[in-house]
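Undergrad: Got a structure here, written out as structure tokens. Questions coming.
The values are calculated or read from the model by the stated rules, or taken from the named source; none is laboratory data. On a predicted model such as this, the values are computed, not experimentally measured, just so you know. Cβ: placed from backbone, ideal geometry, glycine included. Neighbour counts: every protein chain shown. With ligands, DNA and RNA removed, areas are computed over all heavy atoms of the protein, side chains included. Shrake-Rupley method; radii C 1.70, N 1.55, O 1.52, S 1.80 Å.
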Amino acid sequence: MRTPIIAGNWKMNTTVVEAAELVKAMKDKLNQIAGVEKVLCPPFVSLTAVRELIRGASIKLGAQNMYFEKSGAYTGEVSPQMLSGLCEYVILGHSERRGYFGESDQIVNKKVRAALATGLTPIVCVGESLKENEAGETISVVTRQVKGAFEGIDSPKGTVIAYEPIWAIGTGKAATGVQANATIKVIRDSVFRLYGDQIARAIRIQYGGSVNSANIAEFIGQPDIDGALVGGASLKAADFLGIVEQTAKIKKTG
Ligand code: PGA
């Protein structure tokens, strides 16, 4: 049994004060929901404040990115060493990083290696663009991204993969549960080819892209979907709580 995981990717939103308010608005209720791993990924500057607020609660913390070097003259960057001890998870290879900041599969691979070497758990994002989708390239794109991310890595440890079709991110046009499950199965097959049956069965794969409390059930009801990476809806306490609550209920009975 894979424990479902819902992660909130706040992206470049919330000041430190707003981040604290958002946490306070959902912390107690989130804490009470069992059977789902809950992860908040605020901006770097709010990690320390959020960490203090969730101390003792069953809520985990993640960063949205990091650099792969340990330290040095890399102005503006944050290293895995700076994050370890502060948070448990780190989102890597998000399509916004790939698209706006030129992160290639090779860079994502270096980051995954560095995160695992430092004891951080990566949430590795993969997903095709609208153009690639329409050209029938979804399978080849996600297969290449998964292979690229794990190149030369002996074990992915607890790594989580997030399948996020770019055309569904922030657009309000989510994939269907059936579509997402089919691609996630392809991703699980790629993991099988890299690491064998045991790891392929155990690895958790989320869906991401316009997930909210009104459509989460459609995804969570699918056998290969182990949770969600939530952007916009994670900035609204009631919506995020609804997503986590429904996930707990559906995975418990399903
Ligand atoms: P969205 O973003 O939920 O706002 O579509 C998801 C993501 O980019 O992780």
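Undergrad: Inspect the stretch 134-146 for any residue being under 21 Å from LYS70 (Cα atoms) and under 17 Å from the mean Cα position of the chain (by Cα) and give the result as yes or no.
TA: Scanning the stretch 134-146, I find no residue that is under 21 Å from LYS70 (Cα atoms) and under 17 Å from the mean Cα position of the chain (by Cα), so the answer is no.
Undergrad: Assess whether ILE199 counts as being aliphatic (A, V, I, L, M), in contact with a strand residue (DSSP E or B) (Cβ under 9 Å, 6 or more places away or on another chain) and in a helix (DSSP H, G or I).
TA: When the stated conditions are applied, ILE199 does not pass them.
Undergrad: What are the residues in the stretch 64-120 that are open to solvent by 30 Å² or more (accessible area, probe 1.4 Å), closer than 22 Å to SER234 by Cβ and not aliphatic (A, V, I, L, M), if any?
TA: GLN64, GLU88, GLU96, ARG97, ARG98, GLY99, TYR100, PHE101
Undergrad: Of the residues THR176, THR121, THR159, only one is of a type in the set (Ser, Thr, Tyr) and farther than 30 Å from GLU69 by Cα; which?
TA: After applying the criteria, what remains is THR176.
Undergrad: Right, next: Could you list, in sequence order, the residues of the stretch 47-78 that are closer than 17 Å to PRO122 by Cα and more than 19 Å from the chain's Cα centre (by Cα)?
TA: GLU69, LYS70
Undergrad: Further question on the same structure: Given the conditions (1) open to solvent by less than 30 Å² (accessible area, probe 1.4 Å); (2) more than 14 Å from the ligand (Cβ to nearest atom), which single one is not true for LEU53?
TA: Against the list (1) open to solvent by less than 30 Å² (accessible area, probe 1.4 Å); (2) more than 14 Å from the ligand (Cβ to nearest atom), LEU53 comes up short only on (1).
Undergrad: Search the stretch 191-231 for residues being closer than 20 Å to ALA175 by Cβ and acidic (Asp, Glu), and hand back the single one that is farthest from the ligand (Cβ to nearest atom).
TA: ASP224
Undergrad: List the pairs whose first member sits in the stretch 225-251 and is part of a loop (DSSP other than H, G, I, E, B), whose second member is more than 10 Å from the ligand (Cβ to nearest atom) and among the aliphatic types (A, V, I, L, M), and whose Cβ atoms are under 6 Å apart, counting only residues at least 6 apart or on separate chains?
TA: Listed by first residue and then by second, the contacts come to ILE225/ILE184; ASP226/ILE205.
Undergrad: Still on this structure, please answer the following. Looking only at the stretch 3-36, filter to residues that are in a loop (DSSP other than H, G, I, E, B) and open to solvent by less than 60 Å² (accessible area, probe 1.4 Å); which one of those is nearest to ASN212 (Cα to Cα)?
TA: TRP10
Undergrad: Can you spot a residue in the stretch 105-116 that is modelled with pLDDT of 95 or more, within 16 Å of the ligand (Cβ to nearest atom) and aliphatic (A, V, I, L, M)?
TA: Yes, the stretch 105-116 contains at least one residue that is modelled with pLDDT of 95 or more, within 16 Å of the ligand (Cβ to nearest atom) and aliphatic (A, V, I, L, M).
Undergrad: Could you check the stretch 121-180 and list, in sequence order, the residues that are part of a loop (DSSP other than H, G, I, E, B), surrounded by fewer than 16 Cβ atoms within 10 Å (Cβ to Cβ), on the phi < 0 side of the Ramachandran plot and more than 13 Å from the ligand (Cβ to nearest atom)?
TA: ALA135, GLU137, GLU151, ASP154, SER155, GLY158, THR176
Undergrad: Just for the stretch 37-46: of the residues that are closer than 15 Å to ALA19 by Cβ and crowded, with 18+ Cβ neighbours inside 10 Å, which one is farthest from the chain's Cα centre (by Cα)?
TA: SER46
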